[in-house]
Amino acid sequence: MSSLQFPFDVLSRTGAAASLPAPAVILDQDRKPLTKKEVSADHPTWCPGCGDFSVLALYFKLIERRKIWHEKITTVAGIGCSSRFPYFVQAHGAHYIHGRALPFATGVSLSRPDLHVFVFGGDGDAFSIGGNHFVHAARKNVKLTYVVMDNQVYGLTKKQTSPTSPIGYKSKTDIWGAADRPLNPMKLAITAGATFVARTTATNPNHVLEMMEAAMDHDGFSFVECLSECVEFYEGAFDAANPRKGGKFELISKEHDVTDEYAAYKLADAPWPGQFGIFYKAAKPTKNQNEAKIISDHRAKVAGQADWQILQKSFDRMK
Amino acid sequence: MSAVVEPPAPSSPSQPRPPAKITEAVIRLAGNSQDGIQAIGGFLARLAGRSEQEVMTFMTIPSTISGGPSIFQVRVGSGEVLTSGDEADLLMAFYQHSYNDHLSSLKPGGIVIYDSDHVTELKPENLEKYRHIGVAISSLTVEAIGGTGRDKGKNVFALGLLAKMFDLNIPKLTRLLEERFASKDASVLTNAMNAFNAGYNYELATAAQLFQFQPGQNVGQAQVVMSGNEALAWGLIAAGVRFGAGYPITPWSDIMELLRRELPKYGGMFIQCEDEIASISMAIGGSYGGRVAVTGSSGPGISLKTEALGWAVMAEMPLIVVDVQRGGPSTGMPTNIEQSDLNIAVFGGHGDSPRVVVAPATVEDCFYTAIEAVNVARKFSVPVIILTDQGIATRIEAFRLPDLQKLVQDISPDLSAVADHRPYDLTAPNGVTRHLAPGTRVASGKYPVVTGLEHDELGHPTGSGKLHTAMTSKRRNKLRRLADKIPLPTVFGSDHGNVLLVSWGSSQGPVQEAVKYAQAEGISVSSVHIKYVNPLPNGLDAIFSRFTHVLVVELNDEGLYGFGGQMTALLRSRYCDPKIVGLTKSDGLTWKIREILERVHTLTTKA
Ligand SMILES: Cc1ncc(C[n+]2csc(CCOP(=O)(O)OP(=O)(O)O)c2C)c(N)n1
Ligand code: SF4
Ligand SMILES: [Mg+2]
């Protein structure tokens with residue numbers, strides 16, 4: 001009982017990694033920025049014309065432009081068409097379960113502050129099954145970037161009503177037209193305490209990139225809603241925001257004070273298709289900073305002691 | 001009190017009898033939870049630990065926050081203590097209801113000390129069966145502390161009475177009291193000492209027998225005293241776990257509270273989440289980050305975690321899930337013991353999802369099991385469920401101080417670059433691949449995706465039946481290799497005979513004690529304990545074949561078909577042996593030795 005059946009082992013790598021010699025490491029300053037070819041993996045399985053292609057292309061662009069190395073990005077997603085994202089990116093990634101990508105990504109962000117954590121997903125994933133996680137990740141202000149590709153429908157499961165489907169939208173579960181009031185992602189994010197809240201649309205690539213980049217640079221929970229058309233099940237959903245389809249892409253006025261929560265909330269009330277840009281942005285302590293502070297305060301008290309010595313002190317008190 | 005050495009007759013009737021030498025005693029304190037009886041129980045346990053004795057406690061706490069009846073039982077022994085004891089030698093009853101409800105837990109001829117301020121109705125037939133000692137505990141406490149009219153401190157007064165009666169080590173006890181109240185206002189300690197001394201000096205000698213413990217067996221060994229939940233949490237820290245996430249639920253919460261409080265000293269953190277699904281997901285995210293992380297729960301919280309657990313199996317992510325079992329299903333019996341989560345631990349979730357399940361037997365075992373579980377999770381890239389229960393979680397035991405310098409592990413991830421990596425490499429020996437943490441450069445430029453979709457070797461989705469078959473076997477085969485490494489448990493008692501009792505988890509103690517009793521009666525009974533529940537060790541069938549009866553003792557229901565509980569079903573499905581039957585119960589309490597012996601008697605007299 002007081003001996004270990006499975007004692008500690010320094011584990012060697014397994015499989016292919018074990019059989020190949022360790023590579024010569026090129027210093028970061030000598031590395032060339034990654035090309036689109038180097039950051040793309042599987043060819044996306046999305047329907048031709050799906051808005052998600054644009055978001056992916058701009059993610060690649062962001063990686064190239066900001067010279068982020070493969071190993072420094074982690075792409076996390078839940079389940080849905082949009083959530084297939086990690087397979088298309090040539091970097092460490094995790095395709096998790098429906099609605100729970102945020103808590104997973106929180107675990108990565110908190111335990112690995114050296115990584116850029118990006119989370120991608122759909123409106124059902126984010127606001128229905130994952131609604132509560134959205135609220136809590138926002139309120140905790142976890143350092144990560146969350147891009148919700150909102151198509152106002154359940155794409156992967158083939159046309160059911162989503163929490164953002166507008167009233168009257170005819171889906172397979174509301175053949176007479178959706179009756180439940182849709183939720184407003186901007187309002188939800190603001191009230192939940194997100195510290196970066198922005199809105200964009202896949203048909204305006206420059207704006208998508210600008211928003212993603214600003215989100216990445218924000219220290220805290222950064223949320224971007226990106227309207228992304230499902231050409232298969234909700235064609236034309238966002239024409240009203242697309243000048244090429246006769247719509248209007250209206251930027252948030254330069255006068256808007258992004259630190260004013262109430263003004264941001266009001267902006268979110270603008271009639272369809274609403275405005276685009278940064279609704280709200282505030283510098284508040286992040287979960288990562290709070291935990292780091294707790295750790296450094298505690299570590300200061302045990303400075304110079306090995307882990308076993310710290311534990312020994314606790315055990316001595318239980319004698 | 002076993003092995004009472006009768007003292008010589010007193011020389012003069014007016015003189016108290018000299019103390020009787022005893023090897024062990026079972027003391028039950030019965031009152032209300034707000035009276036601090038847990039605290040005196042804790043003092044007694046701690047004192048025993050410091051006196052190189054063995055000790056085991058048992059307690060009940062009311063499930064309502066407003067308090068209510070509560071007991072604390074301590075069994076202290078100079079020799080081996082396997083259970084907290086069926087029957088008490090001494091009952092300390094603070095109220096009429098404590099007296100009424102717990103008198104029957106006394107051995108015939110046992111002693112009851114009751115608070116005569118509250119206990120007023122004594123049945124004449126009880127007076128014949130048990131030795132009654134009335135002490136006005138409440139009013140004497142008020143008097144000792146200085147008459148504020150409140151009887152706070154009567155627990156310490158009672159401790160004084162017990163200290164006198166059992167000749168406890170006063171300097172050691174005083175030190176414990178001082179340690180306990182060190183952080184409080186000085187008057188608190190003064191009051192406590194006054195109450196303690198009043199109890200100690202109360203004239204009990206003529207009314208009661210005095211006792212003296214034989215010296216403890218564990219001489220020269222430093223011992224630590226703690227609960228199972230504490231041992232498990234400390235074990236995780238020793239194992240190198242530095243990240244965890246959870247949601248409060250009884251009886252799991254103590255573990256998360258301890259980890260939350262302690263991990264920052266080691267550079268780690270434990271996050272309280274919005275629910276159990278978020279908790280397991282966050283812990284998996286932590287493990288993905290490179291270092292085995294922990295989550296845990298009890299009862300309903302475990303049900304919520306099953307989808308994510310399936311992901312960890314599929315994605316082959318190391319993870320620790322602690323399940324402190326309580327009475328179920330649904331909200332069930334939150335503060336009672338049951339071993340009814342074996343099925344969900346082994347099989348819970350959809351699809352074929354092999355995972356490791358290991359069940360510690362004692363408080364000490366909780367500590368070592370935690371380290372082992374982490375090492376198994378790392379080595380086999382698999383979630384490991386540590387299955388404890390309410391009984392082991394809350395009871396206190398003394399055990400030998402572990403060699404921490406040797407045991408404490410550093411399991412930081414290896415982030416050095418690799419030439420290439422396939423997270424689900426089918427050519428890996430025994431199907432064992434290892435997770436490559438993000439942050440690791442892969443020179444081939446091909447990066448792994450970890451996923452819950454069936455996948456190819458790089459983690460990319462596949463609809464191929466061939467790959468699904470290959471990956472399903474990979475996930476299963478690595479546990480077969482683990483099974484090969486699990487040692488066959490040794491038989492307690494003779495390795496062949498009439499009845500073999502099978503225990504798992506916290507039923508080990510009562511089962512082994514039942515074996516000792518039965519052997520003393522000349523009945524051929526042995527036992528075997530299963531710690532690795534999934535996969536099971538190989539070779540149990542050979543042990544079973546040497547006995548006429550195999551009786552699996554577990555705290556759960558006999559099942560729809562009545563042959564036995566969840567472990568019985570697992571063993572039957574593995575060995576197809578109808579000889580394997582179960583002894584089960586669902587009264588929310590630990591096994592009494594008597595209950596096990598009764599069934600052994602029916603089996604042996606029938607045969
Ligand atoms: C627990 C669970 N419930 C249901 C599903 C089925 N499911 C998969 S994706 C999805 C909804 C997808 O909609 P959304 O998140 O908006 O993503 P989209 O496909 O539109 O990009 C559902 C219901 C699932 N995978 N897991
Ligand atoms: S179904 Fe809709 S959301 Fe899914 S890939 Fe096709 S167009 Fe895109
Ligand atoms: Mg959608």
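We did not get these values from a lab; they are worked out from the coordinates using the rules stated. All values derive from a computational prediction rather than experimental measurement. With ideal geometry, Cβ positions are generated from the backbone for all residues, glycine too; neighbour counts draw on all protein chains shown.
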(message) Considering only C-alpha atoms, what is the centroid distance from the stretch B:240-296 to the stretch B:434-459, in Å?
(response) 25 Å
(message) Rounded to the nearest angstrom and ordered from largest down, what semi-axes does the equivalent ellipsoid of the stretch B:417-485 get from its C-alpha gyration tensor (root of 5λ)?
(response) 22, 16, 9
(request) Whole Å is fine, so just give me how far the alpha carbon centre of the stretch A:253-319 lies from that of the stretch B:315-337. (result) 31 Å
(message) Tell me the net charge near A:T201. Cut-off is 13 Å between Cβ atoms, A:T201 excluded, with +1 for each Lys or Arg and -1 for each Asp or Glu.
(response) -3
(message) Straight-line reach only, C-alpha to C-alpha below 26 angstrom: list the lysines that A:K158 could link to, leaving out same-chain residues fewer than 8 apart.
(response) A:K170, A:K172, A:K245
(message) Testing the spin-label approximation: label points 7 Å from Cα along Cα→Cβ at A:K248 and B:A136. State their distance in nm.
(response) 9.0 nm
(request) Treating only the Cβ atoms of Lys and Arg (+1) and Asp and Glu (-1) as charged, compute the dipole magnitude of chain B about its Cα centre; round to the nearest 20 debye. (result) 1240 debye
(request) Can you check how the C-alpha radius of gyration of the stretch B:197-279 compares to 2.2 N^0.38 Å, as a plain ratio? (result) 1.78
(request) Can you bin the stretch B:104-175 into rounded, prolate or oblate? Criterion: square roots of the alpha carbon gyration tensor eigenvalues sorted a ≥ b ≥ c, rounded for a/c under 1.5, prolate for a/b above b/c, oblate for the rest. (result) oblate
(request) Sort the following peptides by mean Cβ neighbour count (other Cβ atoms within 10 Å, averaged over residues), highest first: B:554-565, B:426-437. (result) B:426-437, B:554-565
(message) Quick check: from the Cα gyration tensor, does the stretch A:34-283 come out rounded (a/c under 1.5), prolate or oblate?
(response) rounded
(request) With springs only between Cα atoms under 10 Å apart, run a GNM on chain A and tell me which of A:H133, A:H256, A:H95 wobbles the most. (result) A:H256
(request) Using a cut-off of 15 Å between beta-carbons, work out the net charge of the residues near B:D403 (Lys and Arg +1, Asp and Glu -1, B:D403 not included). (result) 0
(message) Quick check on the stretch B:36-160: what does the Kirkwood estimate of hydrodynamic radius come out to from the alpha carbon pairs, in Å?
(response) 15.5 Å
(message) For a test of the definition: using alpha carbon positions, the gyration tensor, and the 1.5 limit on a/c, classify the stretch A:98-160 as rounded, prolate or oblate.
(response) prolate
(message) Two decimals, Cα atoms only, Kirkwood Rh: what is Rg/Rh over chain B?
(response) 1.02
(request) Would you mind giving the three semi-axes, in whole Å and largest first, of the ellipsoid equivalent to the stretch A:64-177 according to its Cα gyration tensor? (result) 28, 15, 10
(request) Could you work out the mean count of beta carbons from other protein chains within 10 Å of each residue's beta carbon in A:21-27? (result) 4
(request) Please give every one of the aspartates and glutamates within straight-line cross-link reach of B:K485, meaning a C-alpha to C-alpha distance under 16 Å, and leave out same-chain neighbours fewer than 8 residues apart. (result) A:D9, B:E372
(message) Longer than 29 Å from Cα to Cα, which of B:K129/B:K592; A:K61/A:K281; B:K474/B:K531; A:K293/B:K446; A:K61/A:K248 are they? Say none if no pair is.
(response) A:K293/B:K446
(message) Let me check the size of the protein assembly as shown from its C-alpha atoms; what are the radius of gyration and Dmax in Å?
(response) 31.8, 114
(request) Would you calculate, for chain A, the mean residue ellipticity at 222 nm contributed by helices, counting each DSSP H stretch of 4 or more residues as -39,500 (n - 2.57) and dividing by all residues, to the nearest 500? (result) -9500 deg cm²/dmol
(request) Could you pull out every whole DSSP H run in chain B that spans at least 24 Å of Cα extent along its own axis and averages -0.5 or higher on the Kyte-Doolittle scale? (result) B:363-380
(message) With a cut-off of 8 Å between alpha carbons and a minimum separation of six or more residues, what is the relative contact order of the stretch A:78-184 in percent?
(response) 22 percent
(request) Calculate for chain B the 222 nm mean residue ellipticity that helices alone would give, adding -39,500 (n - 2.57) per DSSP H run of length 4 or more and normalising by residue count, nearest 500 deg cm²/dmol. (result) -11000 deg cm²/dmol
(request) Starting with the fewest neighbours, write out B:F196, B:F72, A:F315 ranked by other beta-carbon atoms found within 10 Å of each beta-carbon. (result) A:F315, B:F196, B:F72
(request) Under 10 Å from the Cβ of A:C50, count the other residues' Cβ atoms, weight Lys and Arg +1, Asp and Glu -1, and hand me the total. (result) -3
(request) Divide the volume of the convex hull of the Cα atoms of the stretch B:83-126 by its number of residues and quote the answer in cubic angstrom per residue. (result) 69 Å³
(request) For the stretch B:123-178 and the stretch B:535-607, write down the distance between their C-alpha centroids in whole Å. (result) 43 Å
(request) Determine which residues of the stretch B:81-110 fall in the zone a paramagnetic label at B:E598 would reach in this model, i.e. backbone nitrogen under 11 Å from the point 7 Å along Cα→Cβ. (result) none
(request) Please report the orientation-averaged projected area of the stretch B:497-605, defined via the convex hull of its C-alpha atoms, in nm². (result) 6.4 nm²
